[in-house]
Amino acid sequence: MIILISYANSTVTLRSNKGKILGRKLKTIFANKPYVAFYEVPYAEPPINALRFKPPKEIRHDIFQLNKTNNNFDSSLNNEDCLYLSIYTPLTKNKTEQFPVLVWTHEYSNCHGPDFFIEEDVILVTVSFRSAIFGFLNTEDDYAKGNMGAKDILMAVKWVRDNISLFNGDPNRLTIISSGKASTVVASMLLSPAAEDLFTRAIILDGSALSPADYRPYHNNEVLQKIYWRLKGRMDKFDKKELYQFLGNASFNELLLASCNLYDSSEVRDNQRLINPFSCSVEAVMKGAFMSYHPLHVYESKLVNTNIDVIFGYTTLPNLYKLQGLSKNRKLLKYLNYNFQYLLPFEGICDEYGSKRYKRIRKQIMDFYFVNGTITERSLRRYAKYLSDQIIYPLLRQALLHSKTRSNVYLCRFAYQGSLNIGWKSSVPNLKWAGATLGDEICYLFKCKSKTDDYKRHEASNERHFVKKIVRLFANFAKYGNPTPCPSDNILGNLQWNPLKRDKKLQAMNLGRSLRMIEVPEEERMNFWDQLRVELFQN
């Protein structure tokens with residue numbers, strides 16, 4: 001039985017047979033709807049000292065005595081002790097009411113508030129997890145088996161499933177929503193046996209399990225050697241034991257410094273693919289493994305976690321932040337004609353830089369993306385589309401593959417631009433284009449602490465209306481597995497969002513100044529990459 005006791009200082013105590021937990025009464029920014037925030041609930045033992053680089057360990061003590069009522073927790077990028085979650089639930093007098101649950105996974109999830117989903121009667125849980133070297137080092141032995149950050153998220157979701165009913169949550173309506181580094185993890189959870197039966201729905205924003213930057217074969221030992229040589233110098237013979245001593249004894253900041261920027265531009269050029277040294281990786285087949293086979297193999301073997309409905313969402317120009325220098329000096333673009341080093345958004349062999357085959361592929365890419373195969377000072381947007389396809393193509397590819405299972409797959413294209421587009425404004429504020437970039441949807445789905453004044457401005461009424469629309473779509477998905485379950489809605493009108501259909505043209509819900517179903521403009525570019533992959537990289 002749950003008992004809620006309110007105190008004069010606006011705190012709430014939740015009591016159950018598992019103990020008690022303190023919460024804080026708050027109100028949403030738009031409608032002043034009351035809700036309760038339970039901050040910094042530990043879902044695993046702190047991954048420090050002997051537990052560094054180890055899978056998360058279940059808590060043995062009573063977690064319901066340890067949380068706080070103030071959200072001053074540092075993100076996982078700034079603190080190694082990061083395995084906490086926060087729960088935000090609508091305040092209700094009905095002790096038996098069960099709300100759908102949305103679990104938000106992002107590197108800075110603690111900076112995002114629940115207000116908009118609370119107003120839709122959806123519980124929000126924000127999860128912090130290990131990232132970078134702490135979350136994804138893989139030594140291919142017992143020292144660090146890999147995917148620790150992914151296993152953190154798995155353990156957090158298990159915790160939510162087992163305990164959310166205490167907070168009036170429905171464990172049978174559990175949806176994971178992800179962006180940033182977590183998107184690869186959640187996209188992989190569709191394929192991981194370790195995630196089977198944990199959740200019913202997923203929302204994956206600007207990420208995919210099929211990005212060639214992740215699940216790179218045979219690169220784990222290379223990463224270890226690079227860290228060792230950075231510490232000792234390349235003249236030293238690689239000593240794994242000595243490296244492990246450093247990895248175990250170094251401070252948090254020392255490890256971050258030693259592990260950043262491991263690959264230079266020439267190595268990316270020779271690989272013809274982006275390289276993420278600390279990402280999801282294939283583990284040995286063993287109990288507790290997150291991913292024992294490459295995601296493509298899992299799709300081909302039809303070992304997918306079926307009956308998980310998914311929304312795959314992408315922004316129109318997700319890699320725009322890489323154009324900061326070119327956007328300020330477009331004259332630099334012309335030098336790409338003589339030094340165009342292409343990237344491929346799919347797996348496959350590497351070609352020697354400057355070889356006949358390399359030149360052939362480069363010409364095909366330039367002829368497709370640029371007028372007359374030539375890059376000029378007016379080619380910046382075309383170049384931005386080319387770079388962004390490193391994210392968009394793998395996402396569309398996985399969406400299509402997953403739609404061939406028994407799951408419903410919905411596609412959305414975020415194209416809205418307003419005062420809350422944090423990605424665009426922080427990277428290329430001088431570009432006055434239409435569209436959106438990586439992270440731009442976040443402050444429309446969640447209340448960003450840095451944008452509080454923008455939400456309160458009177459002239460932001462159009463953005464408020466947009467927020468209500470897209471949050472209603474995602475909340476409906478969390479509630480019913482369908483973003484538009486009703487033929488008529490007081491906010492959405494008669495809008496209908498249809499799932500992908502086999503052997504049909506790709507259609508997506510375009511989230512722009514108006515919300516409507518469209519044929520995916522990026523499908524032509526996807527077909528180009530498909531053709532190139534089949535012709536030249538099939539094996």
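Which trypsin sites (Lys or Arg not before Pro) in segment 331-395 pass both tests, a DSSP loop state and at most 12 other beta-carbon atoms within 10 Å? Show your work: numbers first, answer last.
Values: sites: 331, 334, 356, 357, 359, 360, 362, 363, 378, 381, 382, 385; in loops: 378.
Here the trypsin sites (Lys or Arg not before Pro) that fit, given the DSSP loop and packing criteria, are 378.
Which of the cysteines found in the chain have nothing to pair with, since no other Cys Cβ lies under 4.7 Å from theirs?
Taking the Cβ cut-off of 4.7 Å, the unpaired cysteines of the chain are 82, 111, 260, 280, 350, 412, 486.
Restricting the calculation to Cα positions, tell me the Rg (one decimal) and the Dmax (whole number) of segment 230-311 in Å.
18.0, 53
Can you work out the FRET efficiency for the pair residue 218 and residue 15, with r the C-beta to C-beta distance and R0 = 51 Å, to the nearest 0.05?
0.45
What value does segment 335-406 have for Rg/Rh, both radii from Cα atoms and Rh as Kirkwood defines it? Display every interim value, and only then the final one.
Numbers: Rg = 14.5 Å, Rh = 13.8 Å.
We get a ratio of 1.05 for segment 335-406.
Cross-link candidates for residue 356: which lysines have Cα within less than 27 Å, leaving aside residues fewer than 8 places away along the same chain?
Within the straight-line cut-off, residue 356 pairs with 334, 385.
Checking the cross-link filter: which aspartates and glutamates have an alpha carbon closer than 13 Å to that of residue 25, excluding same-chain neighbours under 8 positions apart?
115
Once fully extended, how much extra length lies between residue 48 and residue 518, figured as 0.36 nm per residue of separation less the alpha-carbon to alpha-carbon distance? Working shown, then result.
Details: separation 470, 0.36 × 470 = 169.20 nm, distance 4.85 nm.
That works out to 164.4 nm of additional length.
Enumerate by residue number the trypsin sites (Lys or Arg not before Pro) in segment 467-506 meeting two conditions: DSSP loop (anything except H, G, I, E, B), and at most 15 other Cβ atoms within 10 Å of the site's Cβ.
For trypsin sites (Lys or Arg not before Pro) across segment 467-506 that sit outside H, G, I, E and B with at most 15 neighbouring Cβ atoms in 10 Å, the list reads 501, 502, 504, 505.
Take each of the peptides 522-530, 95-103, average the number of other beta-carbon atoms within 10 Å over its residues, and list them starting from the highest.
95-103, 522-530
Please compare each pair in 145/181; 181/505; 302/505 to a cut-off of 26 Å on the Cα-Cα distance and tell me which ones are over it.
181/505, as the Cα separations exceed 26 Å there.
For a bin width of 5 Å, list the pair-distance distribution of segment 251-404 built from all Cα-Cα distances, rounded to whole %.
Answer for segment 251-404: a P(r) of 1, 7, 12, 16, 17, 16, 12, 9, 5, 2, 0 percent.
Just want the ordering: 509, 189, 286, from fewest to most Cβ atoms lying within 10 Å of their own Cβ.
Fewest-to-most Cβ neighbours within 10 Å comes out as 286, 509, 189.
List the lysines whose Cα lies under 17 Å from the Cα of residue 226, skipping any in the same chain that are fewer than 8 positions away.
237, 240, 241
Using per-residue counts of other Cβ atoms within 10 Å, averaged over each peptide, order 439-445, 401-407 from highest down.
Working: 439-445: 24.9, 401-407: 17.9.
Top of the packing list down: 439-445, 401-407.
Between residue 197 and residue 454, take the C-beta separation as r, use R0 = 51 Å, and let me know the FRET efficiency to the nearest 0.05.
After rounding to 0.05, the efficiency reads 0.80.
With a/c under 1.5 counting as rounded, go ahead and sort segment 137-283 into rounded, prolate or oblate using the C-alpha gyration tensor (a ≥ b ≥ c being the square roots of the eigenvalues; past the cut-off, prolate if a/b is larger than b/c, else oblate).
Prolate is the answer for segment 137-283, as a/c is 1.5 or above and a/b outweighs b/c.
Based on the alpha-carbon gyration tensor of segment 1-305 and its eigenvalue square roots a ≥ b ≥ c, which shape applies: rounded if a/c is under 1.5, prolate if not and a/b is larger than b/c, or oblate?
The shape class here is prolate.
All of the numbers you see were taken from the coordinates with simple rules; none came from a lab. Just so it is clear, the model here is predicted, and its values are computed rather than measured. Backbone-built Cβ (ideal geometry, glycine too); neighbour counts: all protein chains shown.
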